[in-house]
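**Q** So that we are looking at the same thing, I have put the structure below in structure tokens.
The values are calculated or read from the model by the stated rules, or taken from the named source; none is laboratory data. As the structure is a computational prediction, the values presented were derived from the model and not from experiment. Using ideal geometry, Cβ is built from the backbone for each residue, glycine included, and neighbour counts are taken over all protein chains shown. We work out accessible area using only protein heavy atoms, side chains counted, and drop any ligands, DNA or RNA first. Shrake-Rupley method; radii C 1.70, N 1.55, O 1.52, S 1.80 Å.
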Amino acid sequence: LIMNQKLIYKPLTEINSRQDANFIFENGNFEDLMLLSLSIGMQCPESEKHFAQELCIRLAGNTNAAIRANAITGLAYIARKHKWLNKRIVKPYILRELRENIEFKEQINDSIKKINLYLGWQLNRKGK
């Protein structure tokens, strides 16, 4: 968890269902939303990887730059765990954050490197 450019280590929220995740998305405070994409990315079973990706994309639309950066990291966790992301869906969000989220550019670059490694992609390289 990054707050004010300072790493803070916290246990991830246990998410047992889509209902849990959606409840946190709709009702969670800042810290809950900061952890949600990380938790869902690390914990989602194979059968829920599409939902996990969708939730990270929804979080990538948040007004807070830190929550959006963590959403991209959540996508990297899904890529690592399941060796899968839908490139057509996630690429625009990832590249937008890379362009616009200056405050967390290092974290986003790190997540892109991991996604490229796990999936054999070449995001953030000309023409890719």
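**Q** Quick test of your reading of the structure: residue 10 fulfils all but one of (1) of a type in the set (Lys, Arg); (2) touching a helix residue (DSSP H, G or I) at 6+ places or on another chain (Cβ under 9 Å); (3) open to solvent by 80 Å² or more (accessible area, probe 1.4 Å); (4) closer than 26 Å to residue 121 by Cβ. Name the failing condition by number.
**A** Tallying (1) of a type in the set (Lys, Arg); (2) touching a helix residue (DSSP H, G or I) at 6+ places or on another chain (Cβ under 9 Å); (3) open to solvent by 80 Å² or more (accessible area, probe 1.4 Å); (4) closer than 26 Å to residue 121 by Cβ, residue 10 fails exactly one: (4).
**Q** Would you call residue 106 exposed (fewer than 15 other Cβ atoms within 10 Å of the Cβ), farther than 19 Å from residue 47 by Cα and either modelled with pLDDT of 95 or more or not hydrophobic (A, V, I, L, M, F, W, C) (or both)?
**A** Yes; evaluated as a whole, the condition is true for this residue.
**Q** Please identify the pairs in which a residue from the stretch 19-38 that is touching a residue at least 40 places away in the same chain (Cβ under 8 Å) and surrounded by 14 or more Cβ atoms within 10 Å (Cβ to Cβ) has its Cβ atom under 7 Å from the Cβ atom of a residue that is not in a helix (DSSP H, G or I) and not acidic (Asp, Glu), counting only partners at least 6 apart or on another chain.
**A** Final answer for the pair search is none.
**Q** Going by the conditions given, is residue 15 part of a helix (DSSP H, G or I) and either aromatic (Phe, Trp, Tyr) or surrounded by 14 or more Cβ atoms within 10 Å (Cβ to Cβ) (or both)?
**A** Details: part of a helix (DSSP H, G or I): no; either aromatic (Phe, Trp, Tyr) or surrounded by 14 or more Cβ atoms within 10 Å (Cβ to Cβ) (or both): yes.
No, not satisfied.
**Q** State yes or no: is residue 49 of a type in the set (Lys, Arg), open to solvent by 50 Å² or more (accessible area, probe 1.4 Å) and either in contact with a helix residue (DSSP H, G or I) (Cβ under 7 Å, 6 or more places away or on another chain) or at pLDDT 95 or above (or both)?
**A** no
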